1. Report, by residue number, each residue of the stretch 70-121 that is modelled with pLDDT of 95 or more, part of a helix (DSSP H, G or I) and within 19 Å of residue 313 (Cβ to Cβ).
2. So the check is Cβ under 7 Å with 6+ separation or different chains; which pairs have a first residue in the stretch 264-278 that's closer than 21 Å to residue 221 by Cβ and a second one that's surrounded by fewer than 13 Cβ atoms within 10 Å (Cβ to Cβ) and at pLDDT 95 or above?
3. Name the residue that is nearest to the chain's Cα centre (by Cα), counting only residues in the stretch 294-310 that are part of a helix (DSSP H, G or I) and under 14 Å from residue 173 (Cα atoms).
4. Here are some conditions: (1) closer than 12 Å to residue 227 by Cα; (2) surrounded by fewer than 21 Cβ atoms within 10 Å (Cβ to Cβ). Residue 184 meets all but one. Which one does it not meet?
5. Working only within the stretch 317-338, note down all residues that are touching a helix residue (DSSP H, G or I) at 6+ places or on another chain (Cβ under 8 Å) and under 21 Å from residue 129 (Cα atoms).
6. Checking residue 251 against (1) within 18 Å of residue 142 (Cα to Cα); (2) modelled with pLDDT of 95 or more; (3) assigned to a loop (DSSP other than H, G, I, E, B), which test does it fail?
7. Given the options 118, 83, 92, name the one that is surrounded by fewer than 23 Cβ atoms within 10 Å (Cβ to Cβ), under 19 Å from the mean Cα position of the chain (by Cα), touching a residue at least 12 places away in the same chain (Cβ under 8 Å) and on the phi < 0 side of the Ramachandran plot.
8. Which members of the stretch 101-118 meet the condition of being in contact with a helix residue (DSSP H, G or I) (Cβ under 9 Å, 6 or more places away or on another chain) and over 20 Å from residue 7 (Cα atoms)?
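The values are calculated or read from the model by the stated rules, or taken from the named source; none is laboratory data. Because the structure is a prediction, the values reported are computed rather than measured. Cβ placement follows ideal geometry from the backbone for every residue including glycine, while neighbour counts extend to all protein chains displayed.
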């Protein structure tokens, strides 16, 4: 194979906007520099953050022309000088980076620093291998690191049908916690019940979240809330918290203003804190703790990504529209015929 002649099909965008701003381009592929690895992509995992980044509402901002995509899995084609952990032919999963515009995974070949690669677990399919790190790093960081969840504690997980929500449920249950999950629709509630989640609230038929929580808590209170929604229901969650409880907010899916429940927070000595996966990614100690926990839990069978559906690489626009529809339970994966 002549690497000098390699090209990569890459989805990029040149302005903020809807799905249609994404265009499929053919770009030259450089040889790996020191510390870099060239990957032949097999699968790409989609995330809500991808949509927010494309729309200009995410914490990271695009630098045009911009790439897109946090996750993926593939085969090592070539390595740069100094790379010791990987060799050509290795199967790898990609950790989310802090530079979407440069290292976005929506491509059939990708140059990326070796620090953002992990050997693919043998027990996982290619689709599952591209669906691990964004959801489980976020869930581990929010539930275990920030939330302090342990055996016997009770946790509320909102947006529970999302990939991060499902990951948080698995991690909390693995830690021995009691889980209450909330979602929007009765249909999603049933699908969560079918997946084995025992306590599920659907806002469609139980719009008063506080009353729904009270009916399930049996006179007790929440120790931890892991919330991706924000908005007015923060006040209802706060009312259901125990004294000294912790509310971890990792998203803002609600378009409404999020009020601060000051009096309840004071009365109950609540800890309320924001969390993003970057907190784990940028801390070498936390990242290694998370990596070990996730890989060992996958090996033991406690964690398993839930895949909603797959799209072909050329059908990225359809995949993005489905992602934006919010109909999925778990992960949407794009597959490549490579």
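1. Once the filter is applied, which keeps residues that are modelled with pLDDT of 95 or more, part of a helix (DSSP H, G or I) and within 19 Å of residue 313 (Cβ to Cβ), the stretch 70-121 yields only 103.
2. Pairs found: 268/243; 269/243; 269/244.
3. 294
4. All conditions pass for residue 184, except number (1).
5. If the condition is that a residue be touching a helix residue (DSSP H, G or I) at 6+ places or on another chain (Cβ under 8 Å) and under 21 Å from residue 129 (Cα atoms), then 320, 323, 328, 329, 330, 331, 332, 333, 334, 335, 336, 337 are the ones that fit.
6. Of the numbered conditions (1) within 18 Å of residue 142 (Cα to Cα); (2) modelled with pLDDT of 95 or more; (3) assigned to a loop (DSSP other than H, G, I, E, B), the odd one out for residue 251 is (2).
7. 118
8. Correct list: 116, 118.
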